[in-house]
Amino acid sequence: MGAKSQSLSLEGFTFEESWEEKRKRAEKIVEILMKTHPREKLLIGDPYRTLVHCIISQRMRDEVTYRVWEELFRRYKDIKTIASTPVEDMQEFLRKQGVGLWKTKGEWIVKASQLILEKYDGKVPDEVHELMKLPGIGRKCANIVLAYGFGRQAIPVDTHVNRISKRLGLAPPRVAPEKVEEYLTELIPKEKWIYVNHAMVDHGRSICRPINPKCEECPLKELCPYAKGLVKDEDIKGSGKKKKTAQS
Ligand code: SF4
């Protein structure tokens, strides 16, 4: 484990615990989550398709996103075809598929594709700050591309990861998602980062739901300060978004 980032602090947590205790608890939590929510296929395995998937997915249900995404690639085939598609055509395609924010997403998909061809030689960049230069790609999507597209160790912080990390006291309740990512990458061993997003998303949908989490049946309840009344939902800040992106 590397040295603790200087910008991280134990201040702001609503209960006392040393860094060492927090690290040990974080490791146990991730091990339990990996067992409770296993997933064999962690990769889409194609950074470009992952990126397009992430843009479509904003404020969309998974099933709908997946259907539209499959249809999009059936129709447009590859990055070159998409980059040469008029923005209005892509917008119309998304609108007809029932995609919310179709105007913005249509423009992002075409323009991001053009930029990847022109500036990155047709290859999706594999660095978080380069990815964030693409239209519609914020930090969460950049990390999704790294984790699910490239198979790199990264922790995308979406609404589930943000909420659950704070309930579990792995990040202070008031910090922005970017900061949650810093705490998690500090506390969790790097070789497990890639599991955190999918396990917490599954956990957030099935057990640690936004309203009325099922703490009684949760395998993490012995390790969870929320279950012990030490963290409360009203302490938790949902989001610290600044840039308009394809984020949740
Ligand atoms: S014990 Fe409750 S708050 Fe804690 S992780 Fe489980 S469901 Fe979420």
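The values are calculated or read from the model by the stated rules, or taken from the named source; none is laboratory data. Everything numeric in this text was worked out from a predicted model, so none of it was measured. Positions of Cβ are generated from backbone atoms using ideal geometry, with glycine treated the same way; all protein chains shown enter the neighbour counts.
Worth a mention:
- Of the residues in region 126-143, not one is surrounded by 15 or more Cβ atoms within 10 Å (Cβ to Cβ) and more than 30 Å from residue 176 (Cα to Cα).
- Residue in region 216-226 that is within 16 Å of the ligand (Cβ to nearest atom) and at pLDDT below 95 present: no
- Check on residue 203, within 15 Å of the ligand (Cβ to nearest atom), over 20 Å from residue 79 (Cα atoms) and in a helix (DSSP H, G or I): yes
- In region 108-123, the residues that are assigned by TED's automatic domain parsing to the domain that holds residue 57 form Cβ pairs under 8 Å with partners that are in a loop (DSSP other than H, G, I, E, B) and among the hydroxyl-bearing types (Ser, Thr, Tyr), at six or more places apart or across chains, as follows: 110/85.
- Scanning region 159-191 for residues that are more than 13 Å from the ligand (Cβ to nearest atom) and charged (D, E, K, R) yields 174, 178, 179, 181, 182, 186, 190, 191.
- 3 or more residues aromatic (Phe, Trp, Tyr): qualifying helices (runs of 4 or more DSSP H) within region 42-117: 62-76
- Screening the candidates 154, 142, 171, 227 for the property of being in a helix (DSSP H, G or I) and among the hydrophobic types (A, V, I, L, M, F, W, C) yields one hit, 142.
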